[in-house]
């Protein structure tokens, strides 16, 4: 019998963790399991250092965000940091994250060099968490113009001064195409070069590759994130 002071949840954790570890080794192999554990530990350390909470995943049904959304999963720190390094933003750039979730990318963009940072999220629950995370790092932000907007990406009108757009696997293909149509309208109103960071599983079709007014500027491969396709696209002068 376990000591009376030991909680039931603690004992469940004692038995659950080794079982989960054995399942991962059996299904993914020892090396992949080790890499996954190391990656999770590194991300947890980043969360603690920043003082934010963005880890974990939530399915679309729980969020009640619609069948066209894939639920919540944060972009890996290594991926967004590599993308922002590739973009090399200046203090004139405006960053927009469509489907920002709990605001991980918004926070990292806010402590960077952007003039303005906007996170757009349809889920009111995730918006609350994202705003809390932004508040926790407020003193570390290099811009005071960081906003979380609750809106449907299909209805959201991209600001005409936006220069960097992040799409991290937030919607299915029809929604992505509708979002791109809104982007095109913004570029028609205010011609400029727009950079799109597009991250999606390699198993899914790369919608942006079909868009005639976008060109792949750089394709990034993230170590230990082989499942992720990360492309840096830029608009051309031939926006129809």
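The values are calculated or read from the model by the stated rules, or taken from the named source; none is laboratory data. Remember, it's a predicted structure, so these values are computed and weren't measured experimentally. As a convention, Cβ positions derive from the backbone with ideal geometry for all residues, glycine included, and neighbour counts pool all protein chains shown.
Among the residues of the range 47-70, those that are at pLDDT 90 or above and assigned to a helix (DSSP H, G or I) comprise 47, 48, 49, 50. Scoring residue 73 on the criteria (1) modelled with pLDDT under 90; (2) more than 12 Å from the chain's Cα centre (by Cα) leaves a single failure, condition (2).
Of all residues in the range 156-190, those satisfying the criterion of being buried (at least 16 other Cβ atoms within 10 Å of the Cβ) and touching a helix residue (DSSP H, G or I) at 6+ places or on another chain (Cβ under 8 Å) are 156, 158, 162, 164, 165, 166, 167, 168, 171, 176, 180. Here residue 218 does not qualify as farther than 25 Å from residue 90 by Cβ, touching a helix residue (DSSP H, G or I) at 6+ places or on another chain (Cβ under 7 Å) and surrounded by 11 or more Cβ atoms within 10 Å (Cβ to Cβ). In the range 85-104, the qualifying residues are those that are in a helix (DSSP H, G or I) and touching a residue at least 40 places away in the same chain (Cβ under 8 Å), and the one that is surrounded by the fewest Cβ atoms within 10 Å (Cβ to Cβ) is 86. For the range 95-110, taking the residues that are at pLDDT 95 or above and out of contact with any strand residue (DSSP E or B) (no Cβ under 6 Å at 6 or more places or on another chain), the one that is nearest to residue 63 (Cα to Cα) is identified as 102. Could you tell me whether any residue of the range 159-168 is over 19 Å from residue 195 (Cα atoms), modelled with pLDDT of 95 or more and either within 16 Å of the chain's Cα centre (by Cα) or not assigned by TED's automatic domain parsing to the domain that holds residue 205 (or both)? Scanning the range 159-168, I find no residue that is over 19 Å from residue 195 (Cα atoms), modelled with pLDDT of 95 or more and either within 16 Å of the chain's Cα centre (by Cα) or not assigned by TED's automatic domain parsing to the domain that holds residue 205 (or both), so the answer is no.
Filtering the range 193-207 to residues that are at pLDDT 95 or above and surrounded by 12 or more Cβ atoms within 10 Å (Cβ to Cβ) leaves 194, 195, 196, 197, 198. Check the range 133-151 and report whether any residue there is assigned by TED's automatic domain parsing to the domain that holds residue 95 and over 21 Å from residue 112 (Cα atoms). Yes: one or more hits.
Scanning the range 221-240 for residues that are exposed (fewer than 12 other Cβ atoms within 10 Å of the Cβ), closer than 24 Å to residue 81 by Cβ and more than 19 Å from the chain's Cα centre (by Cα) yields nothing. Taken residue by residue, the range 118-136 has no member that is surrounded by fewer than 20 Cβ atoms within 10 Å (Cβ to Cβ) and assigned to a loop (DSSP other than H, G, I, E, B).
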